[in-house]
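Chemist: Let me begin by handing over the structure; questions about it come next.
What follows draws every value from the coordinates through simple rules; no lab data is involved. As the structure is a computational prediction, the values presented were derived from the model and not from experiment. Because the Cβ atoms are built from the backbone with ideal geometry, glycine has one as well, and the counts that use them run over all protein chains shown.
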Amino acid sequence: MKGMHKSFMSRIAIYPGSFDPLTKGHLDIIRRASALFDELIVAVVGNPSKRSLFSLEEREVMLKESLHDIANVKTASFSGLLADFVRSCGACAIVRGLRGGADFENERQMAALNRVLAPDTDTVFLMTSDRYACVSSGAVKEIASLGGDISNFVTPSVEKRVRQRLSERKLC
Ligand code: PNS
């Protein structure tokens, strides 16, 4: 549109998550969502009631390590309401990945709540690619803690961090 400043027209989306740790399934959603919006902010969410393997800062570092090659992707972290964060970024959309029916009801409810809390924002769902439909951060942690191979599910740098953290925990 003539006369409009580019930043005014930027379509910003937020991809929020725990990313504890980042998986190849998350990376698949990030790459695909980044092609749909002018800017994608991948936001690590801190939840004091959830015990995580990695701190908020560590989780954001893992994102940065894997995302530096995608020009329109930024990282952030926050604790609090997603709707407030979305508003503070001027985002028009929240992106969530759907692996299948088991994710659907939770996601439907979360999208409806966020639509009430941030009426100018919509949640956009991307179906996870088939080869990552079985991948979750929880499964990655369980497999690694039981000595299994997680290299199909996470990047080499995340794998190294998971192994290191689990071996530190065993020493405690
Ligand atoms: O990766 P996850 O754990 O499935 O992500 C869930 C997350 C962090 C996106 C969700 O729990 C969230 O939005 N938390 C922020 C708090 C909030 O806004 N709660 C009310 C809306 S449901």
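Chemist: Fewest first, what order do Lys170, Lys160, Lys74 take by the number of other Cβ atoms within 10 Å? Walk me through the intermediate numbers first.
Modeler: Details: Lys170 8, Lys160 11, Lys74 15.
In order of increasing Cβ crowding within 10 Å: Lys170, Lys160, Lys74.
Chemist: Going by how many other Cβ atoms sit within 10 Å of their own, how do His68, His26 line up, fewest first?
Modeler: Details: His68 10, His26 26.
Placing the least packed residue first, the sequence is His68, His26.
Chemist: When Leu146, Leu63 are ordered from fewest to most other Cβ atoms inside 10 Å of their Cβ, what list results?
Modeler: Listed from fewest to most nearby Cβ atoms, that is Leu146, Leu63.
Chemist: Here is a further query. So if R0 is 22 Å, what FRET efficiency would Ser88 and Gln109 give, r being the distance between their Cβ atoms, rounded to the nearest 0.05?
Modeler: Values: r = 23 Å, r/R0 = 1.05.
Efficiency for this residue pair is about 0.40.
Chemist: Run the simple label-point estimate for Ala35 and Ala139 please: 7 Å along Cα→C-beta, distance reported in nm.
Modeler: 2.3
Chemist: Another question, if that's okay. Put a dot 7 Å past each Cα toward the Cβ at Lys170 and Asn72; how far apart are the dots in nm?
Modeler: 4.4
Chemist: From the backbone phi of region 35-52, what are the Karplus-calculated ³J(HN,Hα) couplings (6.51 cos²θ - 1.76 cosθ + 1.60, θ = phi - 60°) in whole Hz, Gly and Pro given as x?
Modeler: The phi angles translate into 7, 9, 10, 5, 9, 10, 9, 8, 10, 7, 9, x, 10, x, 8, 10, 7, 10 Hz.
Chemist: From the Cα gyration tensor of region 67-172, with a ≥ b ≥ c the square roots of its eigenvalues, which class applies: rounded if a/c is under 1.5, or else prolate if a/b is larger than b/c, or else oblate?
Modeler: On the way: a/c = 2.04, a/b = 1.72, b/c = 1.19.
Here region 67-172 falls in the prolate category.
Chemist: On to the next question. Once phi is turned into θ = phi - 60°, what whole-Hz ³J(HN,Hα) does the Karplus curve with 6.51, -1.76 and 1.60 give for every residue of region 85-95, x standing for Gly and Pro?
Modeler: Karplus-based 3J(HN,Hα) across region 85-95 equals 5, 4, 5, 5, 8, x, 7, 9, 8, 10, 9 Hz.
Chemist: When all alpha-carbon pairs of region 10-133 are counted, what percent fall beyond 23 Å?
Modeler: Here the long-distance tail beyond 23 Å is 26 percent of all Cα pairs in region 10-133.
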